[in-house]
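See below for the structure under consideration.
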Amino acid sequence: MNNTTDSPRIAVIPVAGRGTRWLPITRTVPKELLPVWKRTSASYAFEEAVNAGCNEIIFVISPDKEEVLHHFLQFDSSDLGPRYSQESFESLHTRVTIKSCIQHEPKGLGHAILCARNDVGDRPFSVLLPDEVLMQNGLKRIQAFTPAILLMEVPYAQRRNYGIVKASQQDSIKQDVFLIEDMIEKPEPPLAPSSLAITGRYTFTHEIFDELERQTPGLNGEIQLTDAMKRYNQHHPMHGILFHGKRHDVGQPLGLVTASLDFALKDPAVSQALRAYLTQLIQDTPSA
Ligand code: G1P
């Protein structure tokens, strides 16, 4: 296990997805800029990376998503949590560099990560999928175990929506630490090797890029990160760390609403009024 001084300082955040689930909004607005309470949805993964000590953030964009890059090139304390509220634009931009690379064709998550190869070079790096808004820092949990992935338990029927791993517990004391043995992308539930799903937080050494280069298209004809990880894991054993915190899938309409409510209920400026409104709304609205 690496110690924390080897923790990745580079984070790759892929934002090149087409956002078809969000049509018609995404005809003109990238889904990563949709609001979750008072900030863009992608800013939460960005904040998580900064909080975990990353000082170089690489956004993988598609050619029609330059707005996402422009948004983050101008980031300031309002894109981050309250702990940054006193920090100036200059200080933040001295500490954190924003970069981008372009994924010219939508060939899948694995291909998107491969697009960052030149910028990452031979350094260890993290990947954060911004559709997942975690209420506790998941990246921090896995960094010291690089290469590693964050895991969560999912119900049987949901196994088809995630990469699912086969994993063994490391020891009886560290019950949340697993060694990954195998993985499969979005299996039919009876074929899933466990209930442990890959959450969108990963740390890698640069050798993952060689596997991504070699990777042939998998599920949906896309270059799947999970398929490349499966081979990478054979030479670079990966840890899986179980996440117990709360998570919102803001790639889904319901997740965007629940995440906004979660943050709004924690905002003293509106918390009381919102609580009262919700209580009344639930009383007044018959279930659909
Ligand atoms: C991606 C990964 C999948 C992972 C999921 C987590 O899928 O391919 O392995 O479990 O993120 O959110 P996506 O949801 O982008 O289709």
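The values are calculated or read from the model by the stated rules, or taken from the named source; none is laboratory data. In this text, all values refer to a predicted model and were calculated from it rather than measured experimentally. When we count neighbours, we look across all protein chains shown, and the Cβ atoms used for this are built from the backbone with ideal geometry, even at glycine. These accessible areas exclude ligands, DNA and RNA; they are computed on the full protein's heavy atoms, side chains included. Shrake-Rupley method; radii C 1.70, N 1.55, O 1.52, S 1.80 Å.
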With all protein chains modelled, accessible area of Leu23 [1.4 Å, Å²]:
100
Those aspartates and glutamates that a straight Cα-Cα span of less than 16 Å connects to Lys38, excepting residues fewer than 8 apart in one chain
Glu47, Asp76, Asp79, Asp262, Asp267
Listed highest first by mean packing, meaning other Cβ atoms within 10 Å per residue, what order do 142-151, 112-121 come in?
142-151, 112-121
Once R0 is set to 25 Å, what does the formula 1/(1 + (r/R0)^6) return for the Cβ-Cβ distance between His244 and Tyr156, expressed as a FRET efficiency to the nearest 0.05?
0.80
Arranged from highest to lowest average of other beta-carbon atoms within 10 Å per residue, in what order do the peptides 203-213, 163-173 appear?
203-213, 163-173
Given contacts defined as C-alpha pairs under 8 Å and at least six residues apart, what's the relative contact order of the chain, whole-number percent?
22
Which of Met135, Val120, Gly110 sits farthest toward the positive end of the charge dipole of region 100-153, with +1 on the Cβ of Lys and Arg and -1 on the Cβ of Asp and Glu?
Val120
Cα centre as origin, Lys/Arg/Asp/Glu Cβ charges: region 5-60 dipole, Debye:
420
Candidates Ser62, Ser100, Ser85, ranked by Gaussian network fluctuation over the chain, Cα under 10 Å, top entry
Ser85
Distance between modelled label sites at Gln86 and Met135, nm, 7 Å Cα→Cβ extension:
2.8
Nearby lysines by direct alpha-carbon distance to Lys107 (threshold 24 angstrom, same-chain neighbours under 8 apart not counted)
Lys31, Lys65, Lys99, Lys186, Lys230
Given Cα pairs under 8 Å that are at least 6 residues apart, what percent is the relative contact order of region 1-57?
43
How far apart, in nanometres, would the label points at Leu278 and Arg123 be if each is projected 7 angstrom from Cα along the Cα-to-Cβ direction?
3.9
Once the other residues with Cβ under 11 Å from the Cβ of Thr20 are scored (Lys, Arg +1; Asp, Glu -1), what is the net sum?
+4
Counting only the heavy atoms of the protein chains, how much of Trp37 is accessible to a 1.4 Å probe, in Å² to the nearest 10?
90
Compute, for Ser88, the solvent-accessible surface of its heavy atoms (probe 1.4 Å) with the complete set of protein chains present, and express it in square angstrom to the nearest 10.
50
If I model a spin label at Arg9 and Asp210 as a point 7 Å from the Cα along the Cα→Cβ vector, what separation in nanometres do I get?
2.5
Toy charge model, Lys and Arg Cβ at +1, Asp and Glu Cβ at -1: the chain dipole around Cα centroid in debye, rounded to 20, equals 420
Ignoring any ligand, DNA or RNA, what whole percent of the accessible area of region 177-288 comes from carbon and sulfur when the probe is 1.4 angstrom?
58
Any idea what the dipole of region 1-124 comes to, in debye rounded to 20, about its Cα centre with Lys/Arg Cβ at +1 and Asp/Glu Cβ at -1?
400
Near-label residues of region 231-246 by backbone N, under 17 Å of a point 7 Å along Cα→Cβ of Leu265:
245-246
Output the relative contact order of region 142-272, whole-number percent, from Cα pairs under 8 angstrom with separation of 6+ residues.
31
